[in-house]
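**Q** Quick one: the structure is below, and I'll ask about it shortly.
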Amino acid sequence: MKVWILFSEDIEAPTNEAYEIRRFMTIGREMGVDVKVFAPEQFDLLVNDEERDTVLINGKPQELPDFLLPRTPPVENGYFSLAVIRQLEQMGVHVYNDSACIEAVADKMHTHQILAAKGLPTPSTMLAKFPVDFELIKEHIGFPVVVKTLLGVNGTGVFLIESDEAFHDLMNLIEETNPDIQLIFQKYIAVSKGRDLRVFIVDGKVLACMERRAKPGGFKANFSQGGSVNEFKLDKETEELAIKTAEVLNIQIAGIDLLFKEDGGFTICEANTFPGFRGLEKACDVNIPEAVYNSMRTKLEAREKKSKTA
Ligand SMILES: Nc1ncnc2c1ncn2[C@@H]1O[C@H](COP(=O)(O)OP(=O)(O)O)[C@@H](O)[C@H]1O
Ligand SMILES: [Mg+2]
């Protein structure tokens, strides 16, 4: 089985993301999987109707893999990496996760639009419009309010705004410096302050779940923001909520974030198509790369069986 991983950083970098790629390479080697890592920039996307079984990497044609595993969120240089994913997808490579779900889920507003349309629980969310109508936000979303950049990851673009002054200061700053940025305003789920659940799902099955807790006084529970992690036993109802979220968004490898609700139960904070797993493997007895490769093998065997009988 041949797998390519799409990753833009240096794989020796001291980041969680690079560590996870190294885990994929080590486990791949142990399992006899042929794994290679490429940056989107190494590809040249030549489109014609003749060469359909190779792609240009560093200017040279390379035979296609069985699977592509994109691990570069489409934030910086997003269009190019999406185009690489689409090219391989259109040539018949099985992509985990596919370009359509990556695009929909990278946009937090779009994610909430899809989830709400399917009747799944999400905090009230409004797309920002300038000049901001503060009273309207107070009326429909409430205060304090959570402000998020549309495409943020790892907690970097998420703010809890607790006073009118802080809200006006932030909006003024944005209008002055970056008026084109897209933001959402979201109902603050106070009981979930500094804690949430991360559920890791592969092909509709929950592999593991952890509770994340922010540093004392913190509001964001992300592991990458220094949050602590513990295994969490999901009840049936919450497990179904997480699975349904991944299913509705059509994510094959999903990290679903759930917020605790006042009256028990959970509401959906967001979904991730590039879920990290360093924290999860620390908290739970789970081997994420192994589970992903096993899932790929099952798919490949089914595909080969089908083509033999066809
Ligand atoms: N509406 C909310 N109410 C309470 N806490 C929130 C809310 N939205 C986000 N958080 C906290 O902020 C963290 C980061 O938010 P999230 O939307 O998951 O952004 P990111 O994509 O950057 O991880 C969450 O894990 C959670 O701890
Ligand atoms: Mg998150």
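**Q** Restricting attention to the stretch 212-219, does a residue exist that is in a strand (DSSP E or B) and either modelled with pLDDT of 95 or more or assigned by TED's automatic domain parsing to the domain that holds Tyr19 (or both)?
**A** Going through the stretch 212-219, the residues in a strand (DSSP E or B) turn out to be 212-213.
Next, only the ones that are either modelled with pLDDT of 95 or more or assigned by TED's automatic domain parsing to the domain that holds Tyr19 (or both) stay: 212-213.
Yes: the stretch 212-219 contains one or more residues that are in a strand (DSSP E or B) and either modelled with pLDDT of 95 or more or assigned by TED's automatic domain parsing to the domain that holds Tyr19 (or both).
**Q** Still on this structure: Given the condition basic (Lys, Arg) and touching a strand residue (DSSP E or B) at 6+ places or on another chain (Cβ under 8 Å), answer yes or no: does some residue in the stretch 82-95 qualify? Please lay out each step first, then the result.
**A** Initial filter on the stretch 82-95 (basic (Lys, Arg)): 86.
Narrowing the set further to residues that are touching a strand residue (DSSP E or B) at 6+ places or on another chain (Cβ under 8 Å) leaves none.
No, the stretch 82-95 has no match at all.
**Q** Here is a follow-up. Of the residues in the stretch 82-114, how many are under 15 Å from the mean Cα position of the chain (by Cα) and in a helix (DSSP H, G or I)? Please lay out each step first, then the result.
**A** Within the stretch 82-114, the subset under 15 Å from the mean Cα position of the chain (by Cα) is 82, 95-112.
When the remaining residues are screened for being in a helix (DSSP H, G or I), the result is 82, 99-106, 108-112.
Here the count works out to 14.
**Q** So which residues in the stretch 115-129 are without any contact (Cβ under 8 Å) to a residue 12 or more places away in the chain, over 21 Å from Phe143 (Cα atoms) and either part of a loop (DSSP other than H, G, I, E, B) or under 15 Å from the mean Cα position of the chain (by Cα) (or both), if there are any at all? Steps first, please.
**A** Taking the stretch 115-129 as the starting set, the residues that turn out to be without any contact (Cβ under 8 Å) to a residue 12 or more places away in the chain are 116-117, 119, 129.
In the following step, the residues that additionally are over 21 Å from Phe143 (Cα atoms) were identified as 116-117, 119.
Answer for the stretch 115-129, where residues must be without any contact (Cβ under 8 Å) to a residue 12 or more places away in the chain, over 21 Å from Phe143 (Cα atoms) and either part of a loop (DSSP other than H, G, I, E, B) or under 15 Å from the mean Cα position of the chain (by Cα) (or both): just Gly119.
**Q** Now, a different point. Just give me the residues in the stretch 164-191 being of a type in the set (Phe, Trp, Tyr) and over 26 Å from the mean Cα position of the chain (by Cα), in sequence order. I'd like the intermediate steps shown before the answer.
**A** Kept after step one, since they are of a type in the set (Phe, Trp, Tyr), are these residues of the stretch 164-191: 167, 185, 188.
Scanning the stretch 164-191 gives a single hit, Phe167.
**Q** Under the condition of being in a helix (DSSP H, G or I) and surrounded by fewer than 20 Cβ atoms within 10 Å (Cβ to Cβ), which residue from the stretch 61-81 is modelled with the lowest pLDDT? Steps first, please.
**A** As a first pass, look at the stretch 61-81 and keep what is in a helix (DSSP H, G or I): 78-81.
From the residues that got through so far, the ones that are surrounded by fewer than 20 Cβ atoms within 10 Å (Cβ to Cβ) too are 78-80.
Details: Gly78: 83, Tyr79: 89, Phe80: 92.
Ranking the candidates gives Gly78 first.
**Q** Find all pairs meeting these conditions: Cβ atoms under 9 angstrom apart; at least six residues apart or on different chains; first residue within the stretch 133-149 and more than 13 Å from Ser163 (Cα to Cα); second residue assigned to a loop (DSSP other than H, G, I, E, B) and aliphatic (A, V, I, L, M).
**A** Every condition considered, the pairs that remain are Ile137/Ala128; Thr149/Ile181.
**Q** Quick check: is even one residue across the stretch 161-169 part of a helix (DSSP H, G or I) and aromatic (Phe, Trp, Tyr)?
**A** Yes, the stretch 161-169 has at least one match.
The values are calculated or read from the model by the stated rules, or taken from the named source; none is laboratory data. Predicted, not measured: the structure shown is a model, and the values here were computed from it. Quick reminder, even Gly has a Cβ in these numbers, built from the backbone with ideal geometry, and neighbours come from all protein chains shown.
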